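The values are calculated or read from the model by the stated rules, or taken from the named source; none is laboratory data. These numbers come from a predicted model, not from an experiment. Positions of Cβ are generated from backbone atoms using ideal geometry, with glycine treated the same way; all protein chains shown enter the neighbour counts. These accessible areas exclude ligands, DNA and RNA; they are computed on the full protein's heavy atoms, side chains included. Shrake-Rupley method; radii C 1.70, N 1.55, O 1.52, S 1.80 Å.
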Amino acid sequence: MVVLGVVSPQHILPLVPICKTQIPPNSAVSSETQYLTKRKALIFTSSSLISSFIYTPHHYSATAFQIDQFQQDEDRIVQLFEETSPSVVFIKNLELAKGSNDSTKVLANDENAKVEGTGSGFIWDKFGHIVTNYHVIAKLATDQSGLQRCKVSLVNAKGESIAKEAKIVGVDPAYDLAVLKVYVEGDEVKPISVGTSRGLRVGQSCFAIGNPYGFENTLTTGVVSGLGREIPAPNGAAIKGAIQTDAAINAGNSGGPLIDSSGHVIGVNTATFTRRGSGMSSGVNFAIPIDTVVRTIPYLIVYGTTYKDRY
């Protein structure tokens, strides 16, 4: 029950003339007019109170709509992560102890091995090809001792976590890209959904999935902060057309996917500016555009190197 309240006579304001015609004090209609005017004022005041209460349900309805919209947005991000994360892998670089050549124990529990670094990658196709950054596996690519190994942890189609030793198929230091391959015979894997970096707009949402500091399957969110950036490549050249984002990218995120709101990969997370001596991300992060990756990876899979380096 809504209580509108009671208005007492002493709370009624003095009448204010609404026209220039003045009624003499002793006029016969004076008291009746004042009574009617007071009655109108009382009705007006009550109507105002009623109107204010009538507006309240509409306000609650708008608030409920906003809450529902927030819930839908949250559910969409959760679904995006759940659908994409099985395509993201955890890469661990290991150095075997001298005299140890048994990779089986190393893959099982890193026994007799030193962890040299970690990174991320994503499954390119159902044959077990994995895309990552060259700098993530650079030690294996330049190994002269025969002690370097690459361990990849991934999830199969059944949702089971498995660990495999990966071999290098091809590298392109000029674009900081590399392709690994794991033996997936008997294990069905889920390739990532490849999008395009053409038509990206500054301000659109993007998401990074990776393994920063070894914390597997970490999701960070942000926006596309800039386009057409230039970042240094491992071979000293410049990588042009990089995507800038404020989605957090830290050590261990390298090689992982940058995805759009539809779950399509739009870039390979590659670099971040850090404050000198701190090792902390400044929020200025970069990814290699997926269109560059799409042009490069097939050559690395087939020839082991880029087309321009074949001759």
Query raised in the report: Quick one: accessible area per residue over the range 213-260, 1.4 Å probe, rounded to a whole number of Å²?
Result: 43
Query raised in the report: Relative to the present Cα-Cα distance, how much length would full extension add between Gln71 and Arg201 at 0.36 nm per residue of separation?
Result: 44.3 nm
Query raised in the report: Once amide H atoms are placed 1.01 Å from N in the peptide plane, what residues at a sequence separation of 5 or more from Ala247, or on another chain, have their amide H within under 5 Å of its amide H?
Result: Val223
Query raised in the report: Expressed as a whole percentage, what fraction of the accessible surface of the range 109-159 belongs to carbon and sulfur atoms when a 1.4 Å probe is rolled over the protein heavy atoms?
Result: 48
Query raised in the report: On the first, second and third principal axes, largest extent first, how far apart are the outermost C-alpha atoms of the range 164-311 in Å?
Result: 38, 37, 35
Report task. Give, rounded to the nearest 20 debye, the magnitude of the charge dipole that the range 145-242 has about its Cα centre when Lys and Arg contribute +1 at Cβ and Asp and Glu contribute -1 at Cβ. Result -> 220
Query raised in the report: HN-Hα J couplings of the range 164-171 from phi, Karplus 6.51/-1.76/1.60, θ = phi - 60°, integer Hz, Gly and Pro as x?
Result: 9, 7, 9, 10, 7, 9, x, 9
Report summary line: Taking placed amide H atoms and a strict 5 Å upper bound, the residues 5 or more places from Val89 or on another chain that come that close are Gly121, Phe122, Ile123
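Please work out the average accessible area per residue across the range 111-169, using the 1.4 Å probe convention, and give it in Å². It would help to have the intermediate numbers written out before the result.
On the way: 2710 Å² over 59 residues.
Normalised by residue count, the accessible surface of the range 111-169 is 46 Å².
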Query raised in the report: What are the ³J(HN,Hα) values, in whole Hz, obtained from phi via the Karplus relation 6.51 cos²θ - 1.76 cosθ + 1.60 with θ = phi - 60°, for each residue of the range 211-217 in sequence order, with x given for Gly and Pro?
Result: 10, x, 6, x, 7, 5, 6
**Report entry** Residues Asp143 and Thr221, FRET efficiency given R0 of 45 Å [Cβ-Cβ distance, rounded to 0.05]
**Finding:** 0.80
Requested in this report: May I ask for the Kirkwood hydrodynamic radius of the range 97-226, worked out over all distinct Cα pairs and given in angstroms to one decimal?
Outcome: 16.5
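Whenever you get a sec, compute what percent of the accessible area on the range 183-247 sits on carbon and sulfur atoms (1.4 Å probe).
Values: 1670 of 3490 Å².
The value for the range 183-247 is 48 percent carbon and sulfur by accessible area.
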Query raised in the report: Given H placed on each backbone N at 1.01 Å, which residues far from Val284 in sequence or on other chains put an amide H within less than 5 Å of it?
Result: Phe273
**Report entry** Rounded to whole Hz, the Karplus (6.51, -1.76, 1.60) HN-Hα couplings of the range 260-270, x for glycine and proline
**Finding:** 9, 5, 9, x, 8, 6, 10, x, 10, 4, 10
